[in-house]
Structure formats: structure tokens, C-alpha cells
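Enquirer: Got a structure for you, written out below as C-alpha cells; questions coming shortly.
The values are calculated or read from the model by the stated rules, or taken from the named source; none is laboratory data. The shown structure was predicted, so the numbers you read here are calculated from the model rather than taken from an experiment. Glycine gets a Cβ as well: all are built from the backbone with ideal geometry, and neighbour counts include every protein chain shown.
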Amino acid sequence: MFAIRRIYDASTAANRERLAQVQAILRAQFPKLGEPQIAKLPDQLTNPLKYRFRAVVLVAEDVRQGVRGFALVLHAPDLDFCYLDFLSAGHGHTGRGVGGALYQRVREDAAALGVVGLFFECLPDDPLLSPNPKVRAENARRLRFYERFGARPIANNAYATPLKPDDTDPPYLVLDPLGAGKLPRREHVRKIVRAILERKYQDRCPPGYVSQVVESFRDDPIRLRPPRYVVDEQPVDRRRPGHQPIALVVNDKHDIHHVHERGYVEAPVRIPTIFEELRRTALFETVELEHFALKHVEAVHDKGFVRFLKAASANVAAGKSVYPYVFPIRNRARPPQSLPLRAGYYCIDTFTPLNENAYRAAVRAVDCALTAARHILDGRRLAYALVRPPGHHAERASFGGFCYLNSAAAAAHFLSANGRIAVLDIDYHHGNGTQDIFYARPDVLTVSIHGHPRFTYPYFSGYEDETGEGAGRGFNLNLPLPEGIDADTYSRTLERALERIRKFAPAFLVLSLGLDVARGDPTGSWLLGARDLKRNGIAIGRLGLPTLVVQEGGYRTRTLGVNARHFFEGLWHGMH
């Protein structure tokens, strides 16, 4: 078994190890490849302006994080094409489905970018160009592999012209149109060919050679060579890879945490209200919940705090709730021994109760967020953890604001082993917990748009001058807003947040979604409607980042589902 992962950069130890394994495959499978070209791979990921391509590395990884194969794709956004530079299984893993799975993922990612096609080179199967029968047979095997997907050499051109008269096996230029109904026009392909030769082979192809090859493409639109190998074979599905639906993970046990006190707005009805409305969109695919080790919770929360939550919940009588009422701020070194009294040692308010199922529901919410994060790592562009209780007020060693464990923070930390993370919190209330957990980390940018703490819970955090500390200074941005703002004011503030995220250039976005920003929410004061939430979703989607959405607040059940549906419709269309 293996999973396909995308490597976004070389900023983490795990990614550096994966890239080292990719480089080892390059050395073993491409012995003629120069060491400088192998060594530049990490730099290609982080410096697209230098190479004039945005590099994408995909790895087929087993359960022990061993790389079984990889693909390197070069994306040219200025010309709307992708170029497959390398696709290779590691030694001992050829013929085991690794190459096919990688190529299918390459096709899906290229189609998601909206390119005109996937271009690459294949050595020739023509005896005049490949005189060695053994080499020619291997070339034909590769061409057969790609032809099954609908990729064939572009016909009637001089791309396979040797640089030197005695060179053998000059490559064809192959195009996979990704199931598109029509082939690209001649002038566009000429620009693409020039870009490939000048950007990839700038030290080898003289200008006269480049012009000769470019001008040899005369068909308009271009044509592909007729099929040679799949006439009597069953081809794989050649249709244009569709956009994957949003992976939806629902906390199916959320309703075990039910506080019956009158006026308690964080009620179980919130989840089915959203879920039933989202089912109308056909944008979602419900996926099975996975269970994760407690170490993922303890990676973002103090172990003593986690033990307290578990023990305190287990000791509350069925149907009862314990509310904090003693807060030992004068001597935090000596917490009370009684579990009910100790609640104030770990809580930030008087209205978030502990009951017998608070801990179990919160752990399951974290599992939902981690499951969604796993789907993002496996290639989904969008995933949604529809959970309660919410989590963004839960700090490293405290709970409050109906939040017990910080699901979004746990997911962000989980993803951070694979690249830098931006956490955008658009709940009406400041995500003090997420800020606290990542306040000293430079690899996780936290951005929050919220009601000003002068009048909005949690009151003690969310000010503009809270920018991070230590190595994390400058990586926390708070954008507090006044009461009663309209959609245009919010939209301008959101653009400030998105511009900061673009500058940070993260690999992933974790979005803490609060629908309490909408008009009429009992905990908010802003005037945003469903169409405004759709516009905000479009703006966030246009970041183009793999995005994990974690549900936070939103308590007006009459409009909660409609607002959620509009937001996700916008997010989907913005990304696609």
C-alpha cells in the first residue's frame, strides 16, 4: 500500500528526507543525469522565478514514509501548460502500479490547474531514430503506457531533430490533452515549445535550433500521431479528470455533548442544519472518519490539561454540568485538588460547562479535522470537518467559549510536517486558542478577522499589537473590526488578510469557519448576508491553496444552513 503526497517545499525535516529519497531514485534510474541537475531539486520548489517554472513534486510513499516513486511536474502559469519532467518508480517497485497511480494523479492535478494539456518527452519508437532494437523496445513500452491514457506524440514537426548529426534516440514531444474535446492551436503550441527548449535546455539548444523546431509546427490546430498500441487493448479512462468533490467529515457523535440549559446556543441542531443544506449542492463526498492517536492532541495541548479534561468529564454525573466558579489566578502553582474546583484553573470563562461527554465529543472533533487533513495530504483540494464542539478558543492549557480542544490547531500542526501553514480564522470571535498555540512559531501564520475585543468575547485577546513572539514575531495578524459593519467593509479587510497569506506563500490553508459573522446571529453584530458569504468564499478560494475548513461558530439555525451552502459554493467556484 502507498499514498501519493505532494511536496511543496523543503522547509521541514520530513520533506527534506523525501526529497533526498527522490534524488536517490534520480541517481539510480537516470545515471546520465548530472549531479547539478539532481542537486537543484529543492531550489526548484522554492524559487520558481529563477527557473521560470513552478515545480510540483509528487511522491508515492509507503506507511514507513519510504518513497517508492515520484513525479516532477513543471507548471508554466503564463502559458497555461504543464510539463512532466520525470516520472519514475524506485528500484524494485516498477510494475507494481506506482507509475500508473502517479501519472493519474499528475493528470488530475494538471486538469485542476486548467491547463491546455500535459506535455512531456518520450524517446522514439522509429527504427530510423532508434536503431538499437533493445532500446527501441523499451521506448515503445513507455509510449504504450502513456497512449493508454490518451497521450501521443504530436505529429508533423521537427521536435525529434538531433542536436548533433550522429545522436540517436532524440525525443518526441508528447501531449496528453487530458480528455479535452479539442487540441490547442498552433501559435499557442509554438510558444509552449519555445518555452520548453529555452527554459529547460537553455544551455544546450542554440537559438537557431530553437527557432527551427518551433517553426516546424505547422498544423493548426496541432494533430497527434494516430494510436499504435491500444487498438486491441482496453485503455484507461481518458476523460478529462474532474474536480474532486469536497471531502466532508462529520462528527457523528457530536450530539452526545448536549447541554440542555435554556439559552445555550451551541446546540446539536447546528450540525444537521448545515449538513442537510450542503447535500443540495452535490459538491461534497462524505468520507469515513479515522481515529488518531492522542499524541496529535497533545502536540498542541498541555498533557496535564488533557488529562484533566478526560478525568473531569468522566466524573460528572449523567445529565449534569459543572460550570467553573473558582479561578485561582493568585497562585497558579497550587491548583485545587477537587476536579470541579480545578475547572477554573483551566477555563477562561464561567459559561462553558464540563459534562460526561465533553471530552469524548471534543476528541472526536479533532479526529474529524485530522481525517480531513489526511485527505488534503492525499490530494484533495478541499476538505471540510463539520464538527461540534468548536475549538478555536481552546488554548494550549485552557478551554472556554464552548471549546475544549482545538481541532483546527491540531490539523494545522499535523499538516505542518509537509510545509508551511496559514490559519485564517473568520469567526466573529477572536481565535485566542489558535493564536496562543502558534504564537512563537514562524512556520504557521495565524490571521484572524473578528469583532474588536473591546466589546467581543474573549475580550482579553485579538488586539492589533499582538503580532507573535520570539521566532514567531510577525507571524500573527489580528484584524479587529467594529460593531455593525457591512459587507464591503468586511470584504476590504478580508483582502488584507489574503494578501498577507499570499506573501507568506504557505503550502496549505486551514480555515476556521465561523458563520456567526452573518446578520442576526445571537452572538454577533455584523450585517453579512448569504450572498456576501459566497463572495467571501470566492475570494478565499482564489488563493488556490489546498484548503481544510473546520467548523467553528454560527448559531442562528434559521439561516445557518443557507449561509454555509453559499459560502462553500463560493469557495468551490473561487478555487476552480
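Enquirer: Between a first residue in segment 120-133 that is free of Cβ contacts under 8 Å to residues at least 60 places away in the same chain and a second residue that is among the charged types (D, E, K, R) and in a loop (DSSP other than H, G, I, E, B), which pairs have beta carbons less than 9 Å apart while being 6 or more apart in sequence or on different chains?
Expert: From residues that are free of Cβ contacts under 8 Å to residues at least 60 places away in the same chain, the pairs are LEU123/ASP169; PRO124/ASP169; LEU129/ASP169; SER130/ASP169; PRO131/ASP169; ASN132/ASP169.
Enquirer: In the set ALA358, ALA372, ALA343, which member is hydrophobic (A, V, I, L, M, F, W, C) and in contact with a Ser or Thr (Cβ under 8 Å, 6 or more places away or on another chain)?
Expert: ALA358
Enquirer: If I go through segment 361-376 residue by residue, how many of them are of a type outside the set (S, T, N, Q) and out of contact with any helix residue (DSSP H, G or I) (no Cβ under 6 Å at 6 or more places or on another chain)? Please lay out each step first, then the result.
Expert: Applying the first criterion (of a type outside the set (S, T, N, Q)) to segment 361-376 yields 361-370, 372-376.
Then drop every residue that is not out of contact with any helix residue (DSSP H, G or I) (no Cβ under 6 Å at 6 or more places or on another chain), which leaves 362-364, 367-368, 372, 374-376.
Final tally of qualifying residues: 9.
Enquirer: Pick from ALA28, ALA20: which is over 19 Å from the mean Cα position of the chain (by Cα), modelled with pLDDT of 95 or more and outside the structural domain of LEU415 (by TED's automatic domain parsing)?
Expert: On the way: ALA28 fails: modelled with pLDDT of 95 or more.
Step by step, each of ALA28, ALA20 is checked, and only ALA20 is over 19 Å from the mean Cα position of the chain (by Cα), modelled with pLDDT of 95 or more and outside the structural domain of LEU415 (by TED's automatic domain parsing).
Enquirer: Considering each of LEU118, LEU129 in turn, give the residue that is buried (at least 20 other Cβ atoms within 10 Å of the Cβ) and aliphatic (A, V, I, L, M). Break it down stepwise before answering.
Expert: Working: LEU129 fails: buried (at least 20 other Cβ atoms within 10 Å of the Cβ).
The conditions single out LEU118.
Enquirer: Which members of segment 486-534 meet the condition of being in a helix (DSSP H, G or I), farther than 23 Å from ALA385 by Cβ and acidic (Asp, Glu)? Reasoning before the result, please.
Expert: Just the residues of segment 486-534 that are in a helix (DSSP H, G or I), to begin with: 487-504, 515-517, 530-534.
Among the residues that remain, those that are also farther than 23 Å from ALA385 by Cβ are: 487-493, 495-496, 499-500, 502-503, 531-532.
Matches in segment 486-534: ASP488, GLU495, GLU499, ASP532.
Enquirer: Can you tell me which residue in segment 403-455 is nearest to the chain's Cα centre (by Cα), limited to those that are part of a strand (DSSP E or B) and of a type in the set (Gly, Ala, Ser)?
Expert: Narrowing segment 403-455 to residues part of a strand (DSSP E or B): 403, 421-425, 444-451.
With the extra rule that they be of a type in the set (Gly, Ala, Ser), the set shrinks to 422, 448, 451.
On the way: ALA422: 10, SER448: 19, GLY451: 28 Å.
Step by step, filter segment 403-455, then rank; the result is ALA422.
Enquirer: List every residue pair whose Cβ atoms sit under 6 Å apart, with the two residues 6 or more apart in sequence or on different chains, where the first one lies in segment 28-56 and is over 17 Å from TYR83 (Cα atoms) and the second, anywhere, is of a type in the set (Lys, Arg).
Expert: Sorted first by the residue in segment 28-56, then by its partner, the list stays empty.
Enquirer: Looking at THR434, THR446, THR493, THR467 in this structure, which one is polar (S, T, N, Q) and over 30 Å from HIS296 (Cα atoms)?
Expert: On the way: THR434 fails: over 30 Å from HIS296 (Cα atoms); THR446 fails: over 30 Å from HIS296 (Cα atoms); THR467 fails: over 30 Å from HIS296 (Cα atoms).
Result: THR493 is the single residue among THR434, THR446, THR493, THR467 that is polar (S, T, N, Q) and over 30 Å from HIS296 (Cα atoms).
Enquirer: Suppose we filter TYR384, TYR404 for residues that are more than 26 Å from TYR345 (Cα to Cα) and aromatic (Phe, Trp, Tyr); which single one remains?
Expert: Working: TYR404 fails: more than 26 Å from TYR345 (Cα to Cα).
One residue alone meets the criteria, TYR384.
Enquirer: OK, next. Scanning for something free of Cβ contacts under 8 Å to residues at least 12 places away in the same chain and farther than 23 Å from ILE540 by Cβ, does segment 456-470 turn up at least one residue? Walk me through how you get there before you give the answer.
Expert: To start, the set of residues in segment 456-470 that are free of Cβ contacts under 8 Å to residues at least 12 places away in the same chain comprises 459, 465, 467.
Okay, now just the ones that are also farther than 23 Å from ILE540 by Cβ, so 459, 465.
Checked against the condition, which is being free of Cβ contacts under 8 Å to residues at least 12 places away in the same chain and farther than 23 Å from ILE540 by Cβ, segment 456-470 yields at least one hit.
Enquirer: OK, next. Do you know which residues across segment 377-402 are among the charged types (D, E, K, R) and either outside any loop (DSSP other than H, G, I, E, B) or not assigned by TED's automatic domain parsing to the domain that holds VAL265 (or both)? Show your work before the answer.
Expert: Keep residues of segment 377-402 that are among the charged types (D, E, K, R), which gives 378, 380-381, 388, 395-396.
Result: GLU395, single match.
Enquirer: Within segment 147-169, how many residues turn out to be over 24 Å from ASP220 (Cβ atoms) and free of Cβ contacts under 8 Å to residues at least 60 places away in the same chain? Let's see the steps before the verdict.
Expert: Start the filter on segment 147-169 by keeping residues that are over 24 Å from ASP220 (Cβ atoms), which leaves 148-149, 162-169.
Next, only the ones that are free of Cβ contacts under 8 Å to residues at least 60 places away in the same chain stay: 162-169.
Residues that pass the stated criteria total 8.
Enquirer: Scan segment 99-109 and tell me whether some residue there is of a type in the set (Gly, Ala, Ser) and modelled with pLDDT of 95 or more. Walk me through how you get there before you give the answer.
Expert: At the first step, the residues of segment 99-109 found to be of a type in the set (Gly, Ala, Ser) are 99-101.
This time we only want the ones that are modelled with pLDDT of 95 or more, so: none.
Taking every residue of segment 99-109 in turn, none turns out to be of a type in the set (Gly, Ala, Ser) and modelled with pLDDT of 95 or more.
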